[in-house]
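Just so it is clear, none of the values below were taken in a lab; they were calculated from the coordinates. Just so it is clear, the model here is predicted, and its values are computed rather than measured. A quick note on method: Cβ atoms are made from the backbone with ideal geometry, for glycine too, and the neighbour counts reach across all protein chains shown.
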Amino acid sequence: MSGVTALQIELALRASIAPLQSLQVSNESHLHAGHAGAGEGSHWRVRIVSERMAGLNRVARHRLVYHALRDVIPQGVHALAIEALSPAEA
């Protein structure tokens, strides 16, 4: 299975969650070498700041991100760390 790219994740999030004040996508796959599911482009960290997060609890924010990435995740995302904030929290 080929790895997912940061650009794929970024484009999916930008298309689904707007407006975005800030978006950082980091590949952390190298930190997980040697364990099950490890592979290039398999472990990601996303920090997203958007008005869409205002008024949502943590679970709802994560659901919003997972929904935006629903077509990307099956392509090889093994782990996804999410920090989803409203502009007031950032």
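For the chain, the spherically averaged projection of the C-alpha convex hull amounts to 5.6 nm². Taking a sphere under 12 Å around the Cβ of A54 and counting the other residues whose Cβ falls inside, with K and R at +1 and D and E at -1, yields a net charge of 0. Given R₀ = 22 Å, FRET efficiency for S22-R63 by Cβ-Cβ distance, to 0.05? Working from the Cβ atoms, E equals 0.65. Each other residue within a Cβ distance under 12 Å of R63 adds +1 if Lys or Arg and -1 if Asp or Glu, for a net charge of +4.
When shorter helices are ignored and each DSSP H run of at least 4 residues is given -39500 (n - 2.57), the per-residue value for the chain at 222 nm works out to -7500 deg cm²/dmol.
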